[in-house]
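Written out below as structure tokens is the structure these notes cover.
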Amino acid sequence: HYPPIIKASLTDMATVLHILKTAKDQAKLLKCPSIIMVFDQAIYAEAQMIRWSSSDEEYQDILLTRLGEFYTVMSFMTAIGKRFELSAFEDILVESGVISAGSIKGVLAVHKYNRSIYAHKCMFEALLRIQIEEFLSTIPADDSDSVTALTEILLQQHTEGSNNPPDHALIKAFHQHVIHKSAESAVYAFWNSYITMVGVLLCFIRATRTADFNLHLASLRAMLPWFFAYDRVNYPRSV
């Protein structure tokens, strides 16, 4: 059931300390080895300060504090924006009419969350379809049903985070083709990394909406190297 309401400011240090103590006591009462606590940015900062300054080891062992998924998504999209800000990414979105010229900076800096998600989804699908078409041009012509099936399977695999990719000859050949082309061309590898990053982002969002904790951990694990690469070190520290 819901615990009693605390009639105090959430960002007050005493309030946060009371929340941590209550959570720790409840975890011990229920014999839980640990408890995950999800906070927004302001409260998370206070909770971490208490945990780090406390001499009580139980605060470190039992309480696992996490930033909310919204902030994780925002931070990861910022990393994507930093990686592709000096490419033709902005021009493509503007000239295609997906994003207006006046909004593109806000989209890359994730000041406009919904527009940022929309722009990345459009760009992701466009690049993946181009990648698939380029691959299909290198193999003997096949019937349209197989081509359509390949496109749909790959889009589903990237956005839903399937842990068991279909045992399909075309799928295996496609992944080998991508690896070969990435090793051959730095430009191809660069834009393929965009497909990879946005695929991870979409999997993380799907995991949050469907309460799929295994997919949540897998996608978050894939995010960690990018956080460190683009100076978002405070976010992987919260994991």
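The values are calculated or read from the model by the stated rules, or taken from the named source; none is laboratory data. Since this is a predicted model, take the numbers as computed values, not measurements. With ideal geometry, Cβ positions are generated from the backbone for all residues, glycine too; neighbour counts draw on all protein chains shown. Heads up: the accessible areas ignore ligands, DNA and RNA and are worked out on the full protein's heavy atoms, side chains in. Shrake-Rupley method; radii C 1.70, N 1.55, O 1.52, S 1.80 Å.
At a glance:
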| quantity | calculated |
| --- | --- |
| In segment 21-52, trypsin sites (Lys or Arg not before Pro) in a DSSP loop with at most 13 other beta-carbon atoms within 10 Å | 31 |
| Nearest-0.05 FRET efficiency for residue 125 and residue 69, computed from C-beta distance (R0 25 Å) | 0.65 |
| Distance from segment 102-126 to segment 71-90 (C-alpha centre basis), Å | 9 Å |
| Protein accessible area in segment 1-144, 1.4 Å probe - carbon and sulfur % | 58 percent |
| Average accessible surface area per residue within segment 1-119, 1.4 Å rolling probe, Å² | 60 Å² |
| Carbon/sulfur fraction of accessible area - segment 163-225, other protein chains in place, 1.4 Å, % | 59 percent |
